[in-house]
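Here the structure comes first, spelled out in structure tokens, and everything after it is commentary.
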Amino acid sequence: MGEGALVNEKADPGSWTNHREDGFVRSFDFAPRDSYNAAGQGPIDMPRQSRPARARRKKNVDAQLPPPSLKRAFQRRLLAWYREHGRDLPWRKTSDPYHILVSEVMLQQTQVDRVIPKYHEFLERYPSFAELADAPVSDVKKTWYPLGYNIRPERLHSIARETVARYGGSLPNDADELLSFKGIGRYTAGAIRSFAFNEDAPILDTNVIRVLHRVFIAEGDPKAQKSRLWALSESLIPRGKGYDFNQGIMDFGAMVCTARDPYCLLCPMKSICKTYPFDAGTNGS
DNA sequence: CTCCGGTAAA
DNA sequence: TTTACCGGAG
């Protein structure tokens, strides 16, 4: 329905490498490095490829990643910016997986400023998975009000019950196990793994989509390139620094690379950003 | 009024 | 790939 003026980049995922003279990685790496691959998918099973001409459509996202020098520049600048400007948020003072989960579920569709007081109130009332699991779901929903999307407290409650029943009251750190909970999707699983368990797991929320698309891609509809952006998000994490990198890129998206009127003039990425200078006033083309 | 947003389901 | 879910902000 909403095609509009946006060109669909699905047509040729490889084209954008052509207009950069420094050239992104060309080597083909068919090993799926994405730890979020669907369960059961392995190198063994072979996709039907009876039409070689059309097979080219399927994206080799690993072949479109930035070169190491560009990745390093982005990483260095982001971490430096985050050290200086990162926000001091309540859920950054803890690594308790329960606290991280509560914050992430609240933050899924609700702004930081509205989440902060409710985060404290909720944890005061339900200090652990066990206490949340024991509470009537109707009470949990009342405590949740007025955050909205009220399926979330129901799912949070069911996560608590399952965590107590099947995991001894502690959240698992395995990606597929996390994804098996109703209410934990790919973003939240990555957030839990990186923020609670300090793993180098990728995240992709709208902030990250916006930042990575602007800096590294700059064409097409960002939301239509999720698999490529997931691969980018994963490939950019400096080894051992998933926590700071992920927190940093979300703060950066919220504070500098904002959806409207980004602060391009003070942006540390301006010299490497494919979108700089962003001009909100004109329609892009 | 319109826009925004992770997950699950269609 | 599109949409329902809820509230708040612009």
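The values are calculated or read from the model by the stated rules, or taken from the named source; none is laboratory data. Every value quoted in this text rests on a predicted model; they were computed, and no experiment measured them. In this analysis, Cβ positions are derived from the backbone assuming ideal geometry, glycine residues included, and neighbour counts consider all displayed protein chains. Side chains are part of the model used for accessible areas, which takes the heavy atoms of the whole protein and leaves out ligands, DNA and RNA. Shrake-Rupley method; radii C 1.70, N 1.55, O 1.52, S 1.80 Å.
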Top-ranked residue of the range A:232-246 - restricted to ones that are open to solvent by 10 Å² or more (accessible area, probe 1.4 Å) and not hydroxyl-bearing (Ser, Thr, Tyr), ranked as nearest to residue A:84 (Cα to Cα): A:244
Helices (runs of 4 or more DSSP H) within the range A:55-155 that include 2 or more residues within 24 Å of the chain's Cα centre (by Cα) and within 16 Å of DNA strand C (Cβ to nearest atom): A:97-107, A:112-125
Which numbered condition residue A:169 fails, given (1) touching a residue at least 24 places away in the same chain (Cβ under 8 Å); (2) away from DNA strand B (no atom under 12 Å from the Cβ); (3) more than 23 Å from residue A:90 (Cα to Cα): (3)
Which listed residue, of A:273, A:264, A:257, is over 30 Å from residue A:98 (Cβ atoms), without any contact (Cβ under 8 Å) to a residue 40 or more places away in the chain and open to solvent by less than 40 Å² (accessible area, probe 1.4 Å): A:264
Selection within the range A:158-183 - part of a helix (DSSP H, G or I) and more than 26 Å from residue A:246 (Cα to Cα): A:158, A:161, A:162, A:164, A:165, A:166, A:167
Test: residue in the range A:184-191 that is open to solvent by 70 Å² or more (accessible area, probe 1.4 Å), touching a residue at least 60 places away in the same chain (Cβ under 8 Å) and assigned to a helix (DSSP H, G or I): yes
Top-ranked residue in the range A:79-129 [being open to solvent by 70 Å² or more (accessible area, probe 1.4 Å) and within 15 Å of DNA strand B (Cβ to nearest atom); ranked as nearest to residue A:189 (Cα to Cα)]: A:109
